[in-house]
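This report refers to the structure that appears directly beneath it.
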Amino acid sequence: MGIVALAHKRDREPPTAPASAKEAIVHDLGIDDIADLVLGAEVLGSGGGGDSHVPWRMLVGTLAEYGPVRLINADELPADAPLLPVLAGGPPGALAETFFNGHEFGRLRETVEQQIGQPCAAVLPVQLGAFNTMIPLIAAARLGLPCIDADIMRRCFPAVEMTLFMLAGIRPSPVFMVDMWGMGTMFATQRDDVVSTLIRTSLPHLGMVALISTYTVTAEDCARFGARRALTDCASIGRLLRSTSSHDLASYGDFLRYCSGRVEFSGIVIDLVRDWREGTPHGTITLEAVEGPARLMRLEHQHENLVAAVDGELVVTVPDVIALIDVESGVVMQSADVVEGQRLLVIAIPTDARWHTPAGLELVGPQAFGLDVTPTRVGGSGG
């Protein structure tokens with residue numbers, strides 16, 4: 001099956017699911033691991049995280065040329081070893097059509113190392129959306145560096161301020177940006193709340209897509225405050241999901257147990273409301289239950305899915321993950337790609353407990369997205 005087909009349709013001949021989480025750990029990540037990794041990242045993208053097609057092809061080509069990427073824990077490095085956080089920035093449409101040339105990764109590393117005065121010891125993923133799970137691996141392979149098996153969101157959020165580092169008091173500034181022509185920029189600000197705004201303001205001058213590094217951190221910072229096992233958990237989640245049958249809810253048992261998730265709803269999309277602001281999708285998806293008593297679920301999304309309510313009662317809100325799976329194909333759906341008449345499973349997955357503290361909810365809870373609702377954890381408990 002070609003890369004395009006793999007990126008958009010779950011393998012219908014799934015591998016045997018691992019007997020335990022330990023068996024699913026990936027130490028050297030190679031081409032054979034990408035399908036599971038991407039599927040898991042699509043789940044944790046919570047309806048966002050970008051289209052996986054372009055970075056998938058880039059990662060396959062990179063691993064074929066440079067070999068597997070070594071995954072390590074942050075505590076395997078000296079405590080003061082500098083890390084290179086890496087993500088790609090740009091509107092969804094531009095990212096879906098743009099290949100990096102390859103030299104951006106070396107230019108970004110060079111720019112960061114000139115600023116900090118030391119060589120970076122490893123690459124650090126920032127978020128777990130499908131696009132930005134693969135970009136750090138491409139960077140690590142091309143730069144000959146290991147990749148830390150962690151991230152700093154434990155899911156996908158739309159702003160670089162929405163991280164566990166920020167929650168711990170580590171500031172995102174300065175920010176380094178490099179475009180496809182090797183032109184770079186750096187900015188620093190005393191206002192952490194405007195960092196993402198400044199990034200978006202810079203993007204038109206960098207061809208709308210840029211490679212970005214933000215947060216100047218060490219291995220000790222990551223070991224203390226990062227979300228461990230991020231990439232191996234993505235691969236495990238993807239592997240277990242590929243072992244299910246989208247038509248048989250009973251087959252989801254191992255997948256749901258691994259990620260402590262639950263199926264919140266199964267229904268047909270009966271209404272869509274979409275509004276594009278600043279080049280990103282906002283909207284509402286309404287589903288009608290296909291079995292049992294008549295019920296309606298309403299999903300609110302901005303980039304990612306944020307709020308799910310059944311018959312007006314909240315069942316889960318951000319920061320927990322709300323993933324949509326197409327029943328017919330098994331594809332994990334981006335919220336912006338959902339169409340009327342589609343039958344979906346709505347799956348809720350708890351995220352890092354630190355996001356449910358008062359400070360965490362202030363940073364990434366519903367109110368942070370302008371939604372005046374009570375934070376509700378998976379299972380309906382209050383935040």
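The values are calculated or read from the model by the stated rules, or taken from the named source; none is laboratory data. Computed from a prediction, not measured in an experiment: that's the story for all the values here. Don't worry about glycine lacking a Cβ; one is built from the backbone with ideal geometry, like all the others, and counts go over all protein chains shown. Side chains included, ligands, DNA and RNA excluded: accessible areas come from the protein's heavy atoms. Shrake-Rupley method; radii C 1.70, N 1.55, O 1.52, S 1.80 Å.
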May I ask for the angle, rounded to the nearest 10°, between helix 230-242 and the longest principal axis of the chain, with both axes built from Cα atoms and the value confined to 0 to 90°? 30
Which of Asp193, Asp32 is most accessible, then next, and so on - probe 1.4 Å: Asp32, Asp193
Sequence order, the stretch 151-161: Karplus ³J(HN,Hα) from phi using 6.51 cos²θ - 1.76 cosθ + 1.60, θ = phi - 60°, Hz rounded, Gly and Pro as x, gives 8, 10, 10, 6, 5, 10, 10, x, 10, 6, 7
Folded to 0 to 90 degrees: helix 130-143 orientation relative to the chain principal axis, Cα: 20
Phi-based couplings in Hz for the stretch 183-198 (Karplus 6.51, -1.76, 1.60; Gly and Pro marked x): 6, x, 8, 9, 9, 10, 8, 7, 9, 5, 6, 10, 4, 5, 5, 5
So, by mean Cβ neighbours within 10 angstrom, what's the order for 82-91, 354-363 with the highest one leading? 82-91, 354-363
Amide H proximity to Phe157 below 5 Å, modelled H, separation 5+ or other chain, gives Leu128
For the stretch 97-111, Karplus-derived ³J(HN,Hα) couplings (6.51, -1.76, 1.60; θ = phi - 60°; whole Hz; x for glycine and proline) come out as 10, 10, 9, 6, 6, x, 6, 4, 5, x, 5, 5, 4, 4, 5
Go through 217-223, 267-273, 113-119, 343-349 and give me the packing order, highest mean Cβ count within 10 Å leading. 343-349, 217-223, 267-273, 113-119
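Among the DSSP beta bridges whose two residues both lie in the chain, what percent are antiparallel, rounded to the nearest 5? Working shown, then result.
On the way: 59 of 66 bridges.
Of the beta bridges lying entirely in the chain, close to 90 percent run antiparallel.
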Would you grab the residues whose amide H sits under 5 Å from the one on Val327? Only those 5+ places off in sequence or on another chain, please, with H modelled 1.01 Å from N. Arg343, Leu344, Leu345
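Using Cα-Cα distances under 8 Å and only pairs 6 or more residues apart, what relative contact order does the chain have, in percent? Working shown, then result.
On the way: 864 pairs, mean separation 75.9, N = 383.
The value is 20 percent.
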